[in-house]
Amino acid sequence: MLLDRSRLPVVFIRTDADEETSINDQIEALLEERRPFVLVTDHAPDDHENETQEERKERALFFKKIKDRMRAYCRGMIVIDGGRPMSPAVKIAAVTAGKAFGFAIVFAADEEEAERKGRSLIGSRDDAWLL
């Protein structure tokens, strides 16, 4: 997995890309910058059925560790749904995850729409990335 930071402050989680650095370490590095960002992913919040119990536990512990920093800097998460209608179960999972993480989870049809929505979540702070 790769955090694609080429369009900061909108950060894409690329599940189809390999990276030597673990995703947890990449997220930690992003948080260490102490700047607002928005995460964009192409998988739904409930899309972890192939994880083992141990992997779920590790993920939960990691998010518990970074929860306060995520709330401080992450302005939201956008799930690219390809324009497909989302089931009520996925929408409920998104609302629940958003409450747990402390930021909104919204849906977009494609990367372009996701980037537009992400930049609107950042708001007028966008020019801070030019410094």
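Conditions tested, residue by residue: (1) within 13 Å of residue 40 (Cβ to Cβ); (2) at pLDDT below 95; (3) touching a strand residue (DSSP E or B) at 6+ places or on another chain (Cβ under 6 Å).
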residue: 59; (1), (2), (3): no, yes, no
residue: 69; (1), (2), (3): no, no, no
residue: 80; (1), (2), (3): yes, yes, yes
residue: 118; (1), (2), (3): yes, no, yes
**Message:** So residue 114 passes all but one of these: (1) more than 22 Å from residue 17 (Cα to Cα); (2) under 12 Å from the mean Cα position of the chain (by Cα); (3) modelled with pLDDT of 95 or more. Which condition number does it fail?
**Reply:** (1)
**Message:** Please determine whether any residue of region 86-95 is outside any helix (DSSP H, G or I) and surrounded by fewer than 17 Cβ atoms within 10 Å (Cβ to Cβ).
**Reply:** yes
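Okay, residues lined up against (1) touching a Gly at 6+ places or on another chain (Cβ under 7 Å); (2) outside any helix (DSSP H, G or I); (3) more than 22 Å from residue 113 (Cα to Cα); (4) small (Gly, Ala, Ser):
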residue: 4; (1), (2), (3), (4): no, yes, no, no
residue: 34; (1), (2), (3), (4): no, yes, yes, no
residue: 62; (1), (2), (3), (4): no, no, yes, no
residue: 84; (1), (2), (3), (4): no, yes, no, no
**Request:** With the condition kept exactly as written, say whether any residue in region 45-53 is closer than 24 Å to residue 120 by Cα and either surrounded by fewer than 17 Cβ atoms within 10 Å (Cβ to Cβ) or out of contact with any Leu (no Cβ under 7 Å at 6 or more places or on another chain) (or both).
**Result:** yes
**Fill in**
Subset of region 99-111, residues modelled with pLDDT of 85 or more and either more than 18 Å from residue 11 (Cα to Cα) or in contact with a strand residue (DSSP E or B) (Cβ under 6 Å, 6 or more places away or on another chain) (or both), comes to 99, 103, 104, 105, 106, 107, 108
**Item:** Residue selected from region 6-32 under the condition among the polar types (S, T, N, Q) and not in a loop (DSSP other than H, G, I, E, B), by the criterion surrounded by the fewest Cβ atoms within 10 Å (Cβ to Cβ)
**Value:** 6
**Item:** Selection status of residue 50, among the polar types (S, T, N, Q), without any contact (Cβ under 8 Å) to a residue 40 or more places away in the chain and touching a helix residue (DSSP H, G or I) at 6+ places or on another chain (Cβ under 9 Å)
**Value:** no
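The values are calculated or read from the model by the stated rules, or taken from the named source; none is laboratory data. Just so we're clear, the structure is a prediction, and the values are computed from it rather than from any experiment. Neighbour counts run over all protein chains shown; Cβ positions are idealised from the backbone, glycine included.
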